[in-house]
Amino acid sequence: MAPDLQRVVVRAPGKINLSLGVGAVDDRGYHALATVFQAVDLYETISATRADELSLEVTSEVPGEVPLDGTNLALRAAELLREECDVREGAALHIHKQVPIAGGMGGGSADAAAVLVALDRLWGLGLAGERLRRLGARLGADVPFAMLGHTALGRGNGAELTTVLTHGEWTWLLAVPGGHLSTPEVFRRFDEIAARGGRTPAEQPTVDERQLQALSSGNIELLADTLHNDLQVAAFALHPGLEPVVEAAEQLGAPAALVSGSGPTIAVLVEDEVQARSIAAGLMRESLVESCLVARGSAAGASVLDEE
């Protein structure tokens, strides 16, 4: 690893959750999760350039505001790496966004993952991938997956990852209905709904084995049958515009649709790009969504694009 790099460019993918099982809360306040992540080819691209201080700029292809203060996951990732490795240097960070903002697709987590990889190289730290993923897990359950990419089973708080083999191509229409959902608020509503219904979440939720079979065999019908999100009812309750999008997408011929993560982006499983465009036109015609994006699944994780 060259110790005198001046600039490193890394990109990391957004994600959708093909299934999300939510279990009981542990003593740290985290819900036990069992999820199947799939990375999609909408990317966050981070440029990190040597500087005396840490700074952040953002350009975006998607609507919404990105915080530029200490709450930003990219800056938090940089500070965490500085603390852990006793680094005194800074970096000028620039983010180019393609992942919907606050959409349940892990854009902020992808930023953090890309920053950890970029600054590890820029500062010549030489940390192994596993160490970087463990650091990333301290920032959020989606960060290690953004480093790993492709398709993976996540357990614990989602950060214990096992790669899932997939066959064939997966195409998704990502329907963005507008508005934002707070992840903590969605989990709170999930807890309220469970308590009201007298339901105790499982200590350790599980993933439907048929979903893993569907992915390994490339069976779109079986995958459609196994898409599931325990947070969906809570997301529907907090954002009344979501359920009509799911219903309309399926009426327009989609094999299946669900809320991605904590929402509000709706992930619509489609047979191909032609069907995606057709369903997008229908959703836009009915004024159910602000925008639609077509993406391919099982994209690569955080990777270095350029360094100099």
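The values are calculated or read from the model by the stated rules, or taken from the named source; none is laboratory data. All values reported here derive from a predicted model rather than from experimental measurement. Cβ coordinates were reconstructed from backbone atoms using ideal geometry, including for glycine residues, and neighbour counts include every protein chain displayed.
Some observations on this one:
- The single condition among (1) more than 23 Å from residue 168 (Cα to Cα); (2) in contact with a strand residue (DSSP E or B) (Cβ under 8 Å, 6 or more places away or on another chain) that residue 252 does not satisfy is (2).
- From 302, 257, 276, residue being of a type in the set (A, V, I, L, M, F, W, C) and in the same structural domain as residue 47 (by TED's automatic domain parsing): 302
- Candidate set: the range 268-291, residues that are at pLDDT 95 or above and assigned to a strand (DSSP E or B); chosen: the one surrounded by the fewest Cβ atoms within 10 Å (Cβ to Cβ): 269
- Residue in the range 34-47 that is over 21 Å from the mean Cα position of the chain (by Cα) and either in a loop (DSSP other than H, G, I, E, B) or within 30 Å of residue 203 (Cα to Cα) (or both) present: no
- Residues considered: 36, 66, 8, 25. Of these, the only one that is modelled with pLDDT under 95 and touching a helix residue (DSSP H, G or I) at 6+ places or on another chain (Cβ under 8 Å) is 25.
- Test set (1) without any contact (Cβ under 8 Å) to a residue 24 or more places away in the chain; (2) closer than 23 Å to residue 74 by Cβ; (3) not assigned by TED's automatic domain parsing to the domain that holds residue 264 - residue 184 fails condition number: (3)
- Among the residues of the range 292-306, the ones that are assigned to a strand (DSSP E or B) and either crowded, with 20+ Cβ neighbours inside 10 Å or not hydroxyl-bearing (Ser, Thr, Tyr) (or both) come to 10 in all.
- In the range 66-77, the residues that are in a helix (DSSP H, G or I) and either of a type outside the set (D, E, K, R) or not assigned by TED's automatic domain parsing to the domain that holds residue 119 (or both): 73, 74, 75, 77
- Just one of the numbered conditions (1) buried (at least 20 other Cβ atoms within 10 Å of the Cβ); (2) touching a Gly at 6+ places or on another chain (Cβ under 9 Å); (3) not aliphatic (A, V, I, L, M) is not true of residue 218: (1).
- The C-beta contact set for the range 74-92 (first residue under 14 Å from residue 117 (Cβ atoms), second residue basic (Lys, Arg) and assigned to a strand (DSSP E or B), distance under 9 angstrom, 6+ apart or interchain) comprises 91/50.
- Scan of the range 237-290 for residues that are within 23 Å of the chain's Cα centre (by Cα) and basic (Lys, Arg), ordered by number: 277
- Selection count, the range 157-187, where residues are closer than 12 Å to residue 238 by Cβ and among the small types (Gly, Ala, Ser): 2
- Set side by side, the residues 305, 252 differ, and just one is in contact with a Ser or Thr (Cβ under 9 Å, 6 or more places away or on another chain) and farther than 29 Å from residue 237 by Cα, which is 305.
- Residue check for residue 211: in a helix (DSSP H, G or I), touching a residue at least 12 places away in the same chain (Cβ under 8 Å) and either under 19 Å from residue 105 (Cβ atoms) or not assigned by TED's automatic domain parsing to the domain that holds residue 153 (or both): yes
- In the set 26, 41, 86, 4, only one residue is surrounded by fewer than 22 Cβ atoms within 10 Å (Cβ to Cβ) and touching a Lys or Arg at 6+ places or on another chain (Cβ under 6 Å); that residue is 41.
- For the range 180-195, the criterion of being surrounded by 15 or more Cβ atoms within 10 Å (Cβ to Cβ), under 21 Å from residue 12 (Cβ atoms), among the hydrophobic types (A, V, I, L, M, F, W, C) and in contact with an Asp or Glu (Cβ under 8 Å, 6 or more places away or on another chain) is satisfied by no residue at all.
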